[in-house]
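**Q** One structure follows; several queries about it will come next.
The values are calculated or read from the model by the stated rules, or taken from the named source; none is laboratory data. Computed from a prediction, not measured in an experiment: that's the story for all the values here. Note that each Cβ is placed from the backbone with ideal geometry, even for glycine, and that neighbours are counted across all protein chains shown.
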Amino acid sequence: MTTSRKAYPSDVSDEEWALVAPYLTLLREDAPQRDYPLREVFNGLRYVVKTGAPWRWMPHDLPPWHTVYDQARRWLRAGCFEALVDDLRAILRLAQGRAPEPTAAVLDSRTLRSTPESGARAGYDGAKRKRGSKLHLAVDTLGHLLAAHVTPASADDRAEVRRLAAAVQAATGESVAVAFVDQGYTGERAEGAAAEHGIRLEVVRLPEAKRGFVLLPRRWVAAARTMLPGGVLARP
């Protein structure tokens with residue numbers, strides 16, 4: 001598709017649009033209430049996500065920020081992005097010779113420093129010595145997203161296992177039997193919460209006599225996913 005404006009690096013490519021358009025088309029393209037092309041609205045959302053710019057700072061040659069924001073809320077309420085992520089994960093797994101739904105997952109968390117927009121969600125993570133929010137996530141062993149949610153940084157990882165396990169099984173059709181975790185998830189409370197959803201926790205322990213940063217098998221895929229450009233939270 002060609003536009004009269006100069007392209008931004010965040011613009012969706014023709015190949016990407018062919019993939020995502022069926023998930024985002026809630027109304028016909030020629031619906032009378034549509035004032036802007038759907039692809040341009042999606043480009044506006046990608047601009048905000050990729051650059052981190054405030055909504056009101058959206059460039060004037062993209063659709064108005066409030067139009068993009070309102071449409072993004074409709075997509076979120078309709079579950080469009082969840083459906084896209086679930087189907088894309090299955091396709092990528094099949095391409096690597098795996099079953100479409102995983103039998104194993106990796107649970108992890110990451111603390112993000114607070115911003116002025118964090119508001120009441122901010123908390124203090126004593127272990128990381130950071131004030132902000134904590135991202136709890138689950139991926140399959142290939143690093144593909146299964147579930148994610150955000151809490152204050154003060155939230156205990158063990159307390160979030162039940163919610164993550166429920167979301168994982170909902171996304172995979174109850175296919176996950178084991179979840180790999182680090183030592184922050186040890187204890188009967190976490191084990192019991194996972195077991196309620198048919199998941200056994202397997203703790204990947206830090207090798208003895210090791211200090212500093214150590215790459216743990218399996219667990220790394222969850223941590224790495226949050227740090228990649230356009231990572232987990234880049235998909236609202």
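**Q** Of all the residues that make up the stretch 105-115, how many are among the β-branched types (Val, Ile, Thr) and touching a helix residue (DSSP H, G or I) at 6+ places or on another chain (Cβ under 8 Å)?
**A** Count: 1.
**Q** Out of the residues in the stretch 166-182 that are of a type outside the set (Gly, Ala, Ser) and either crowded, with 19+ Cβ neighbours inside 10 Å or out of contact with any strand residue (DSSP E or B) (no Cβ under 6 Å at 6 or more places or on another chain) (or both), state the one that is nearest to ASP125 (Cα to Cα).
**A** Taking the stretch 166-182 as the starting set, the residues that turn out to be of a type outside the set (Gly, Ala, Ser) are 168-169, 172, 174, 176, 178, 180-182.
The next check asks that each one be either crowded, with 19+ Cβ neighbours inside 10 Å or out of contact with any strand residue (DSSP E or B) (no Cβ under 6 Å at 6 or more places or on another chain) (or both); those that pass are 168-169, 172, 174, 176, 180-182.
Working: VAL168: 25, GLN169: 28, THR172: 31, GLU174: 32, VAL176: 29, PHE180: 22, VAL181: 19, ASP182: 17 Å.
If we take residues in the stretch 166-182 being of a type outside the set (Gly, Ala, Ser) and either crowded, with 19+ Cβ neighbours inside 10 Å or out of contact with any strand residue (DSSP E or B) (no Cβ under 6 Å at 6 or more places or on another chain) (or both), then ASP182 is nearest to ASP125 (Cα to Cα).
**Q** Within the stretch 183-204, work out how many residues are under 24 Å from ARG131 (Cα atoms) and out of contact with any strand residue (DSSP E or B) (no Cβ under 7 Å at 6 or more places or on another chain).
**A** 1
**Q** Of the residues that make up the stretch 116-139, is at least one under 15 Å from the mean Cα position of the chain (by Cα), charged (D, E, K, R), surrounded by 15 or more Cβ atoms within 10 Å (Cβ to Cβ) and not assigned by TED's automatic domain parsing to the domain that holds ALA53?
**A** Filtering the stretch 116-139 down to residues under 15 Å from the mean Cα position of the chain (by Cα) leaves 133-139.
Add one more test, that the residue is charged (D, E, K, R), and what stays is 134.
Cutting the leftovers down to surrounded by 15 or more Cβ atoms within 10 Å (Cβ to Cβ) gives us 134.
The next check asks that each one be not assigned by TED's automatic domain parsing to the domain that holds ALA53; those that pass are 134.
For the stretch 116-139, residues under 15 Å from the mean Cα position of the chain (by Cα), charged (D, E, K, R), surrounded by 15 or more Cβ atoms within 10 Å (Cβ to Cβ) and not assigned by TED's automatic domain parsing to the domain that holds ALA53: present.
For (1) closer than 22 Å to VAL178 by Cα; (2) crowded, with 16+ Cβ neighbours inside 10 Å; (3) acidic (Asp, Glu), each residue gets a yes or a no:
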{"position": "ASP70", "(1), (2), (3)": "no, no, yes"}
{"position": "ARG73", "(1), (2), (3)": "no, no, no"}
{"position": "LEU76", "(1), (2), (3)": "no, no, no"}
{"position": "CYS80", "(1), (2), (3)": "no, yes, no"}
{"position": "ALA83", "(1), (2), (3)": "no, no, no"}
{"position": "ARG93", "(1), (2), (3)": "yes, yes, no"}
{"position": "GLU101", "(1), (2), (3)": "yes, yes, yes"}
{"position": "VAL106", "(1), (2), (3)": "yes, yes, no"}
{"position": "LEU112", "(1), (2), (3)": "no, yes, no"}
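**Q** List pairs: first in the stretch 95-115 and farther than 21 Å from ARG158 by Cα, second part of a loop (DSSP other than H, G, I, E, B) and acidic (Asp, Glu), Cβ under 8 Å, 6+ apart or cross-chain?
**A** Nothing qualifies.
**Q** Just one of ASP11, ASP30 is of a type in the set (D, E, K, R) and modelled with pLDDT of 95 or more; which is it? Full working, then the answer.
**A** Working: ASP30 fails: modelled with pLDDT of 95 or more.
Criteria check complete, one pass: ASP11.
**Q** Go through the stretch 136-175 and count every residue that is in a loop (DSSP other than H, G, I, E, B) and touching a Leu at 6+ places or on another chain (Cβ under 8 Å).
**A** If we filter the stretch 136-175 for residues that are in a loop (DSSP other than H, G, I, E, B), which is where we start, we get 141-144, 153-156, 173-175.
Okay, now just the ones that are also touching a Leu at 6+ places or on another chain (Cβ under 8 Å), so 142, 144, 153.
Within the stretch 136-175, residues that are in a loop (DSSP other than H, G, I, E, B) and touching a Leu at 6+ places or on another chain (Cβ under 8 Å) number 3.
**Q** Provide a single number: the residues in the stretch 148-165 that are closer than 26 Å to GLN96 by Cα and either surrounded by fewer than 22 Cβ atoms within 10 Å (Cβ to Cβ) or out of contact with any strand residue (DSSP E or B) (no Cβ under 8 Å at 6 or more places or on another chain) (or both).
**A** Going residue by residue through the stretch 148-165, those that are closer than 26 Å to GLN96 by Cα are 148, 164-165.
Filter once more, so that each one left must be either surrounded by fewer than 22 Cβ atoms within 10 Å (Cβ to Cβ) or out of contact with any strand residue (DSSP E or B) (no Cβ under 8 Å at 6 or more places or on another chain) (or both): 148.
Residues that pass the stated criteria total 1.
**Q** Would you check which residues across the stretch 178-197 are of a type in the set (Gly, Ala, Ser) and either at pLDDT below 90 or more than 23 Å from the chain's Cα centre (by Cα) (or both) and list them?
**A** Just the residues of the stretch 178-197 that are of a type in the set (Gly, Ala, Ser), to begin with: 179, 184, 187, 190, 192-195.
Passing the criteria: GLY184, GLY187, GLY192, ALA195.
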